[in-house]
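Notes follow the structure.
The values are calculated or read from the model by the stated rules, or taken from the named source; none is laboratory data. None of the values given here were measured: they were computed from a predicted structure. Because the Cβ atoms are built from the backbone with ideal geometry, glycine has one as well, and the counts that use them run over all protein chains shown.
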Amino acid sequence: MQAKVGRTSVSLQRGDITEMKVDAIVNAANDHLWMGGGVAGAIKRKGGQVIEDEAVRQGPIPVGEAVITTGGALPARHVVHAAGMGQDLTTDATKIAAATTSSLRRASENKLASIAFPAIGTGVGGFPARDAARAMMEAARQFLALQETSLREVVFVLFDEATYTTFCDVFTAVIGGRKK
């Protein structure tokens, strides 16, 4: 699925975020920025310890904020670490929306053209995919419609079919768009 918000293409894709050839991928992080399981663990395994080392030096950060690091050995040049949860590993729609907005802001501040998001909060955080999709897409739509940004491509990359299908339903309702 794909649509335009302002001058930015917003799309959904099923796949592995660690394989994305974009300027930055988003890590669904905790506020201390250590990378254990889920998306964070996959990014660290594929991209290298340097990503976590660089992130942890910038933390801890408030829940809802984001920092940017190198992409290590990943195809993406950078990783944006979006703190969608604290040390209790729980989250909610407000935290997910704030982490999404902060990620877009960091990418734009660094003059990046493309960024890929996982389903923040739905793994380790245990937050429902439909609610996460709505929070993330509404935050992205609002940011892209109201901000001058360098971003020309925002991709939501979903690992499994069930989450992809849920995000597709929400995408149509929140963003609009058509099948790619």
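Quick notes
- When region 23-51 is filtered for residues that are under 16 Å from Q87 (Cβ atoms) and of a type outside the set (S, T, N, Q), the ones remaining, listed by number, are A28, A29, D31, H32, L33, W34, M35, G36, G37, G38, A40.
- Segments classed as helices (runs of 4 or more DSSP H), wholly inside region 1-119, with at least 1 members that are in contact (Cβ under 8 Å) with a residue 40 or more places away in the chain: 38-47, 93-109
- One residue from A83, A97 being in contact with a Pro (Cβ under 8 Å, 6 or more places away or on another chain), closer than 23 Å to T163 by Cα and at pLDDT 95 or above: A83
- Condition broken by E109, with the remaining ones in (1) within 14 Å of L144 (Cα to Cα); (2) surrounded by 21 or more Cβ atoms within 10 Å (Cβ to Cβ); (3) of a type outside the set (V, I, T) satisfied: (2)
- Test for D131: is it under 21 Å from G15 (Cα atoms), touching a residue at least 12 places away in the same chain (Cβ under 8 Å), out of contact with any Ser or Thr (no Cβ under 7 Å at 6 or more places or on another chain) and not hydroxyl-bearing (S, T, Y): yes
- Looking across region 41-63, the residues that are closer than 18 Å to R106 by Cα and not acidic (D, E) come down to I51, A55, V56, R57, Q58, G59, P60, I61, P62, V63.
- For the condition out of contact with any helix residue (DSSP H, G or I) (no Cβ under 6 Å at 6 or more places or on another chain), surrounded by 19 or more Cβ atoms within 10 Å (Cβ to Cβ), more than 21 Å from V63 (Cα to Cα) and of a type in the set (S, T, N, Q), S114 qualifies.
- Pairs where the first residue, in region 159-180, is at positive phi and the second is modelled with pLDDT of 95 or more and among the β-branched types (V, I, T), C-beta under 8 Å, 6+ apart: G177/V10
- Number of the condition not met by V67 [criteria: (1) at negative phi; (2) surrounded by fewer than 20 Cβ atoms within 10 Å (Cβ to Cβ)]: (2)
- Annotation note: Cβ proximity below 8 Å between a residue of region 143-157 that is touching a residue at least 60 places away in the same chain (Cβ under 8 Å) and crowded, with 19+ Cβ neighbours inside 10 Å and a residue that is assigned to a strand (DSSP E or B) and among the basic types (K, R) (sequence gap 6+ or interchain) occurs for V157/R14.
- Taken as a whole, the condition of being assigned to a strand (DSSP E or B), of a type in the set (G, A, S), buried (at least 24 other Cβ atoms within 10 Å of the Cβ) and touching a residue at least 40 places away in the same chain (Cβ under 8 Å) does not apply to A140.
- Scanning region 21-34 for residues that are in contact with a strand residue (DSSP E or B) (Cβ under 7 Å, 6 or more places away or on another chain) and not β-branched (V, I, T), we see that the one that is surrounded by the fewest Cβ atoms within 10 Å (Cβ to Cβ) is D31.
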